[in-house]
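Student: Okay, here's the structure, questions in a sec.
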Amino acid sequence: MGEIAEHAAERAVVTADENDTRPSRRDGTIGALLHGLAVLDMFTQDRPVIGIAEVARELGVHRSTASRLAATLATAGYLEVAGEQGRYRLAAKLAVLGEVAAAGSDLRGAALPALRDLVSLLGETGHLGVLEGTEAVTVAVVDGWQTVRMHSWVGKPSPAHCSSIGKALLAGLAPADFAARYPDRDLPASTEATITSREELEPHLCCVAAPVFGRDGMVTASISVSGPASRLRNPAAVAAVAAAVRHAARQVSARLGAPPDVPGWPATRD
């Protein structure tokens, strides 16, 4: 009897929380909405389909609550059933919203022409990245024309400390900001070659990147090309690629209104 009463009380609290759209937290946010957005955040390129059990476990909610959250998102057009009941994938509505967001990005619009020219010249895959916490997040990709090339995607996160595009971003941080992001002296290794004290993200892959400066003269993004080590290990090849990447970074910075007296555009590689 006690278990029945406890379960009924839990359902009553959950139902009240989901139906109440008033601010329910001290910071004014709505708990049920945050749970719904957290469900969307669970999807990644490597995890395109998610089940109700996973949602319940990761959010720490009852399975029935997870089911209602997913069903609500599906009704609103943000999720769709993936083959079997209880499993979902992202719906096309999110792609439409992504296009709207991308179209309004001054950074992406300013960078794409230079990034396309860079890829056309070198044949390697080009990236534009920004720093989010300790991750370098790809916000634009232009595929290379080489037969053997790197494949990437928009939204891909990489540990900033072991990726060339991330190191170009970290190089622009003030010492205090860097220390706040990396309070520990030892960093996790992605490969045997990773430098673990305050590089390589993937074996047999090389990347050359340079910082992009904004209107305030601060590093706001980084631009890079990536390809197999067989083409990008040679010092002469790296020097030529670095010069081209720096040139592209200068073009993007100029389009963003960076002051002409910003520091030089050093290139980083991994």
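The values are calculated or read from the model by the stated rules, or taken from the named source; none is laboratory data. Just so it is clear, the model here is predicted, and its values are computed rather than measured. Heads up, the Cβs are rebuilt from the backbone with ideal geometry, glycines too, and the neighbour counts pull from every protein chain shown. For the accessible areas, the whole protein counts, side chains as well, though only heavy atoms, and no ligand, DNA or RNA atoms are used. Shrake-Rupley method; radii C 1.70, N 1.55, O 1.52, S 1.80 Å.
Student: Among (1) at pLDDT below 90; (2) closer than 19 Å to G133 by Cα; (3) open to solvent by less than 40 Å² (accessible area, probe 1.4 Å), where does C207 come up short?
Tutor: All conditions pass for C207, except number (2).
Student: Can I ask one more? Hey, among the residues in segment 239-260 that are in a helix (DSSP H, G or I) and in contact with a strand residue (DSSP E or B) (Cβ under 6 Å, 6 or more places away or on another chain), which one's farthest from L118 (Cα to Cα)? Write out each step before concluding.
Tutor: To start, the set of residues in segment 239-260 that are in a helix (DSSP H, G or I) comprises 239-255.
Then keep just the ones that are in contact with a strand residue (DSSP E or B) (Cβ under 6 Å, 6 or more places away or on another chain); that gives 241-242, 245-246, 248-249, 252-253.
Values: V241: 9, A242: 11, V245: 7, R246: 10, A248: 7, A249: 10, V252: 12, S253: 15 Å.
Looking at residues that are in a helix (DSSP H, G or I) and in contact with a strand residue (DSSP E or B) (Cβ under 6 Å, 6 or more places away or on another chain), I get S253.
Student: Under 6 Å by Cβ, and 6 or more places apart or on different chains, what pairs join a residue from segment 38-51 that is open to solvent by less than 60 Å² (accessible area, probe 1.4 Å) with one that is modelled with pLDDT under 90?
Tutor: Correct list of pairs: G51/G86.
Student: Looking at segment 218-232, which of its residues are open to solvent by 10 Å² or more (accessible area, probe 1.4 Å) and in contact with a helix residue (DSSP H, G or I) (Cβ under 9 Å, 6 or more places away or on another chain)?
Tutor: V219, T220, R231
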